[in-house]
Amino acid sequence: MMCAGADGSPKEVPVFVSIVPQRYFVEKIGGDLVDVSVMVEPGASPHDYEPKPRQMAALAKTKIYYAVGIEFEKVWLKKFCDANPEMLVVHTERGVEKISLKTHHHDQDKGEDAHGKTAHHPEKAAGKHGEKDPHSLHHGIKDPHIWLSPVTVMVQARNILRGLLAVDPDHRSTYEANYKEFIIELVDLDADLREVFAGEEGRTAFMVFHPAWGYFADAYGLEQVPVEIEGKDPKPAELQYLIDHAKKQGIRVVFVTPQFSTKSAETVAKAIGGQIAFVNPLALSWKANLIEVAEKFRAALR
Ligand code: ZN
């Protein structure tokens, strides 16, 4: 029998997060004082995850649920609250300025020079996005992948800290010190990533199957060219359009993520005489992974 605390309550604060990278963030701030469980298990897609019964049971003992604003939460957060009404739900995406999920190739790109103008997003490189982008006007779907840029993670870190202070105020000074250290790590990482892409101003485009890297691209002046269209494989005509575009731009690598099918990606890669390469948007070693991904993107930029 293990009786950790004097009053029989566990030593660590049990918390849940939606996806693996959040575990990295929460452990940075909570250190040994937290026990983190991840809802979307490694290898599963975060976009349509179905919690396991044992996870629902584990939620009953959880103090905080850290949401991140991905699709499955829309369906499940309410049920999580029903399973444990005492649990604090923290929306770590609160305060993050969301960008639109861009589909690169679309019907209205046909004809006029619209494609050449919008596809390379000169306004995006300048750090602006939104109103003037015809893609966002037509789709308006917000990009959920906010955990893949140090800049947007800084906002999430603040929300994570706030949650821990609310449920465990006794350890305020530890959490605040850890938080400050984590912010410094993020600032340093941001500078390192800037360094990776320094001098690549003329080469900005990289092609991915699943468009998870929008915030990353925005932060470092890159252009993400997605194969997937709003979560679906492209239709044959769209696929052909993509292939032509990739050829014109000299793209030779199609990046795929381990969580998604790669059939269309392989088709494109073969057609452009290129290859596929893996990048993981859900790695636990979050910081090392972002540096690795940056190097891979840089090598493939066109
Ligand atoms: Zn995704």
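The values are calculated or read from the model by the stated rules, or taken from the named source; none is laboratory data. None of the values given here were measured: they were computed from a predicted structure. Methodologically, a virtual Cβ is constructed for each residue, glycine included, from the backbone with ideal geometry; neighbour enumeration extends over all protein chains shown.
Quick notes on this structure:
- Candidate set from the stretch 274-292 (those that are part of a helix (DSSP H, G or I) and either free of Cβ contacts under 8 Å to residues at least 24 places away in the same chain or assigned by TED's automatic domain parsing to the domain that holds PRO42 (or both)); member that is surrounded by the fewest Cβ atoms within 10 Å (Cβ to Cβ): ALA288
- Filtered by the rule that a residue be more than 16 Å from the ligand (Cβ to nearest atom) and either closer than 20 Å to GLU223 by Cα or part of a helix (DSSP H, G or I) (or both), the stretch 264-273 gives GLU266, THR267, VAL268, ALA269, LYS270, ALA271, ILE272.
- Contacts under 9 angstrom Cβ, first residue in the stretch 26-47 being under 19 Å from ASN159 (Cα atoms) and assigned to a loop (DSSP other than H, G, I, E, B), partner away from the ligand (no atom under 16 Å from the Cβ) and not β-branched (Val, Ile, Thr), 6 or more apart: MET39/PHE16; MET39/PRO51; MET39/GLN55; MET39/LEU59; MET39/TYR65; MET39/TRP76; MET39/PHE80
- Of residues in the stretch 41-68 being at pLDDT 95 or above and within 16 Å of the ligand (Cβ to nearest atom), the one surrounded by the fewest Cβ atoms within 10 Å (Cβ to Cβ): ALA67
- Scanning the stretch 260-273 for residues that are touching a residue at least 24 places away in the same chain (Cβ under 8 Å) and of a type in the set (Gly, Ala, Ser), we see that the one that is surrounded by the most Cβ atoms within 10 Å (Cβ to Cβ) is ALA265.
- Taken over the stretch 9-40, the residue count meeting the criterion of being hydroxyl-bearing (Ser, Thr, Tyr) and surrounded by 19 or more Cβ atoms within 10 Å (Cβ to Cβ) is 2.
- Looking across the stretch 213-236, the residues that are in a loop (DSSP other than H, G, I, E, B) and under 19 Å from the mean Cα position of the chain (by Cα) come down to TRP213, TYR220, GLY221, LEU222, VAL227, GLU228, GLU230, GLY231.
- Taken over the stretch 171-212, the criterion of being more than 30 Å from GLY231 (Cα to Cα) and not in a helix (DSSP H, G or I) is satisfied by ALA198, GLY199.
- Set GLU238, GLU228: member being within 16 Å of the ligand (Cβ to nearest atom), charged (D, E, K, R) and more than 17 Å from ARG302 (Cα to Cα): GLU228
- Test: residue in the stretch 244-263 that is part of a helix (DSSP H, G or I), out of contact with any Asp or Glu (no Cβ under 9 Å at 6 or more places or on another chain) and either within 16 Å of the ligand (Cβ to nearest atom) or modelled with pLDDT under 90 (or both): no
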